[in-house]
Amino acid sequence: MIQFLNEFGFYWKVYNKIKCIWYCCIHLLLEGWYLVNFASVRIITDDVDRLVKFYEKVMGLSAERPAPVFAELVAPSCTLAIGHSQTVPLFGEGSAVAADNHSVIIEFLVHDVDAEYERLKPFIEEWVKEPTTMPWGNRAILFRDPDGNLVNLFSPVTEEAIKRFTGRA
C-alpha cells in the first residue's frame with residue numbers, strides 16, 4: 001500500500017489528474033481492490049435460533065454468533081447473515097419487516113441438486129419445486145425457510161450453464 005501511495009503521488013505530480021485517476025483505478029482493480037465488495041445477504045427474523053438451525057442444516061455449516069440477536073453463516077462464496085427484528089431500528093425504523101419477503105430468492109450452488117433434495121426431503125416443510133431443469137440450464141429445487149423466504153439450491157447441468165459457473169466458488 002505504501003508503495004502504491006508513493007507511486008500515486010509521483011504520477012499526480014507528473015501527469016494530468018485524469019491520467020492519474022485512471023492509473024489509480026487500474027492499479028486498485030489489479031490488486032483486487034474494488035469500490036464495492038459484496039459482503040452478505042441478511043435475513044431479518046423474529047426467531048434467530050430457528051433460522052440459524054435451519055440454515056446450518058441446509059448449508060452444512062456452523063453459524064458464528066457474535067451477539068444473541070445476530071448470526072453469520074460464512075461460506076467461501078458468500079455470507080448469510082441472520083438478524084433479529086430487534087436490530088431493525090439500528091438501520092432505520094421500519095426499514096425491514098421479518099417474514100415479509102416476496103421478491104428475493106436465496107440461491108446456493110450445489111454439486112448434486114438431486115442428492116440435496118433427498119438429503120433435505122425429510123427436513124423441509126414447504127417444497128415449492130421438486131428437482132427441475134430450468135430453461136437456463138440449471139437443475140434446481142425450491143423451498144421455503146421457516147419464515148417463508150424462498151430458497152433455491154441448483155446445479156448447472158447443460159454445457160452452457162457449466163461454462164457460466166466455471167471458476168465460481
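Since every read-out is calculated from the coordinates, none of them should be taken as a lab result. The model shown is predicted, which means the values in this text are computed figures rather than measured ones. Neighbour counts are summed over all protein chains in view; Cβ atoms, including those assigned to glycine, are modelled from backbone coordinates with ideal geometry.
So the values come out like this:
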| item | result |
| --- | --- |
| Peptides ranked, highest mean first, by Cβ atoms within 10 Å: ranges 149-156, 85-92 | 149-156, 85-92 |
| Bridge type composition, region 101-169 - antiparallel percent by DSSP, nearest 5 | 70 |
| Rg [Å, one decimal], Dmax [Å, integer] - region 101-169, C-alpha atoms | 12.2, 35 |
| Environment charge at residue 49 (Cβ cut-off 15 Å; Lys +1, Arg +1, Asp -1, Glu -1) | -3 |
| Point-charge dipole on Cβ atoms (K/R +1, D/E -1) for region 101-169, about Cα centre, debye to 20 | 240 |
| Cα extents of region 48-161 along the three principal axes, largest first (Å) | 45, 27, 26 |
| Check: region 38-98 dipole with +1 on Lys, Arg Cβ and -1 on Asp, Glu Cβ, in debye | 140 |
| Peptides 134-144, 101-111 ordered by average Cβ neighbours within 10 Å, highest first | 134-144, 101-111 |
| Quotient of Cα Rg and 2.2 N^0.38 Å for region 38-98, N being how many residues it contains | 1.08 |
